[in-house]
1. Can you report the number of residues in the range 256-278 which are of a type in the set (Phe, Trp, Tyr) and either surrounded by fewer than 19 Cβ atoms within 10 Å (Cβ to Cβ) or farther than 27 Å from residue 180 by Cβ (or both)?
2. Would you say residue 219 is under 25 Å from residue 82 (Cα atoms), open to solvent by 40 Å² or more (accessible area, probe 1.4 Å) and within 23 Å of the chain's Cα centre (by Cα)?
3. Quick one: is residue 101 open to solvent by 50 Å² or more (accessible area, probe 1.4 Å), touching a residue at least 24 places away in the same chain (Cβ under 8 Å), more than 17 Å from residue 231 (Cα to Cα) and not acidic (Asp, Glu)?
4. Just give me the residues in the range 76-117 being in contact with a Phe, Trp or Tyr (Cβ under 8 Å, 6 or more places away or on another chain) and under 24 Å from residue 256 (Cβ atoms), in sequence order.
5. May I ask you to verify whether residue 37 is under 17 Å from residue 241 (Cβ atoms) and among the hydrophobic types (A, V, I, L, M, F, W, C)?
6. If only one of 90, 51 is open to solvent by less than 50 Å² (accessible area, probe 1.4 Å) and within 30 Å of residue 2 (Cα to Cα), which one is it?
7. Within the range 125-139, is even one residue under 22 Å from residue 201 (Cβ atoms) and either over 22 Å from the mean Cα position of the chain (by Cα) or surrounded by 15 or more Cβ atoms within 10 Å (Cβ to Cβ) (or both)?
8. Cβ-Cβ below 7 Å, separation at least six or inter-chain, first residue in the range 227-239 and on the phi < 0 side of the Ramachandran plot, second part of a helix (DSSP H, G or I) and polar (S, T, N, Q): which pairs?
Amino acid sequence: MKVAIFSDVQANLPAMQMAATQMLAWRPDLVIMAGDLVNRGPSSLACVEYFDELRRYHGWLPVMGNHESWMLRCANSPPKTGMEEVLQRFAAWTYQQIQPRMSALENWPDHLCFHGDHEQSWVHVTHASMISNRFGITANITEEQIHDALPPDIALFVTAHTHRPMHSILNGVPILNVGSVGSPFDGDVRGSYARLEWRSGCWHSEIVRFDYDRVQAERDFWELGFIDGGGPVARILFEEWRQARPLMSRWRNNYEPAVLAGERDANAAVTAFLAEHG
């Protein structure tokens with residue numbers, strides 16, 4: 001049995017197309033998209049339509065990510081203040097782009113499971129953890145949190161969300177983080193996905209790193225309107241993609257509170273932040 005699992009495309013169509021080409025060439029029995037197909041990038045609608053085609057013609061399966069959940073909430077949960085609207089404009093831009101196809105994101109499961117040829121071979125796939133699709137498994141997780149984050153009696157737990165590929169063992173459970181197709185955070189600009197293969201009575205896993213057309217991907221950020229239409233924070237998200245490292249947590253901790261309090265102009269604060277971290 002051969003299974004391919006990918007996640008965190010983040011609306012990067014060139015990366016998704018290359019990952020899909022490679023996965024189809026490998027001829028897996030099952031392909032799972034483990035969430036965050038959309039948002040944070042310029043091509044959410046195109047990625048939704050492409051994945052929908054892969055579902056119809058190849059049986060690929062989705063798992064709900066936190067960004068799909070966010071898009072489904074957008075219609076009923078607008079920003080509470082004008083400044084929140086400015087800082088979340090990239091999400092509103094994405095929502096407007098995919099609104100005609102929102103039904104394609106509905107009823108995705110939070111978890112998927114499959115197994116090899118015996119009862120001890122179950123694999124559990126979710127976007128982040130059993131706690132929520134926003135609570136990722138990182139090096140800082142506590143012992144108490146590990147207990148709540150992992151399901152019992154499985155052979156392998158497959159996760160994503162952190163944008164960092166990882167093999168690990170927690171509480172005796174093998175953990176596989178498939179990383180990010182479209183926006184890695186480990187300093188390596190190449191996309192990643194995972195291949196699993198059941199052979200000789202156990203699961204064998206491999207993280208695949210791949211190159212794609214980053215020149216086209218960069219053009220898409222600008223030419224499709226994400227930078228201009230996504231508000232000031234869109235520039236930070238572009239830098240995260242360009243540098244392949246996380247920046248939003250630093251922005252939220254060190255700059256965003258003053259913007260939300262009306263003490264700093266949003267555009268000026270983003271410019272200062274990027275001068276420090278760009």
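1. Taking the range 256-278 and keeping what is of a type in the set (Phe, Trp, Tyr), we get 273.
Pick out the ones that are also either surrounded by fewer than 19 Cβ atoms within 10 Å (Cβ to Cβ) or farther than 27 Å from residue 180 by Cβ (or both) and you get none.
Qualifying residue count, the range 256-278: 0.
2. Details: under 25 Å from residue 82 (Cα atoms): no; open to solvent by 40 Å² or more (accessible area, probe 1.4 Å): yes; within 23 Å of the chain's Cα centre (by Cα): yes.
For residue 219, the condition - under 25 Å from residue 82 (Cα atoms), open to solvent by 40 Å² or more (accessible area, probe 1.4 Å) and within 23 Å of the chain's Cα centre (by Cα) - is not met.
3. Working: open to solvent by 50 Å² or more (accessible area, probe 1.4 Å): yes; touching a residue at least 24 places away in the same chain (Cβ under 8 Å): yes; more than 17 Å from residue 231 (Cα to Cα): yes; not acidic (Asp, Glu): yes.
Taking the combined requirement at face value, the residue satisfies it.
4. Within the range 76-117, 90, 91, 93 qualify.
5. Working: under 17 Å from residue 241 (Cβ atoms): yes; among the hydrophobic types (A, V, I, L, M, F, W, C): yes.
The answer is yes for residue 37.
6. Working: 90 fails: within 30 Å of residue 2 (Cα to Cα).
Just a single option satisfies the conditions, and that option is 51.
7. Filtering the range 125-139 down to residues under 22 Å from residue 201 (Cβ atoms) leaves 125.
Of the ones still in play, those that are also either over 22 Å from the mean Cα position of the chain (by Cα) or surrounded by 15 or more Cβ atoms within 10 Å (Cβ to Cβ) (or both) are 125.
Yes; the residues of the range 125-139 include at least one that is under 22 Å from residue 201 (Cβ atoms) and either over 22 Å from the mean Cα position of the chain (by Cα) or surrounded by 15 or more Cβ atoms within 10 Å (Cβ to Cβ) (or both).
8. Between residues of the range 227-239 that are on the phi < 0 side of the Ramachandran plot and residues that are part of a helix (DSSP H, G or I) and polar (S, T, N, Q), the close pairs are 232/267.
The values are calculated or read from the model by the stated rules, or taken from the named source; none is laboratory data. Here the structure is a predicted model, which is why all the values come from computation and not from measurement. Ideal geometry is used to build each Cβ from the backbone, glycine not excepted, and the neighbour counts take in all protein chains shown. Ligands, DNA and RNA are excluded from the accessible area calculation, which covers all protein heavy atoms including side chains. Shrake-Rupley method; radii C 1.70, N 1.55, O 1.52, S 1.80 Å.
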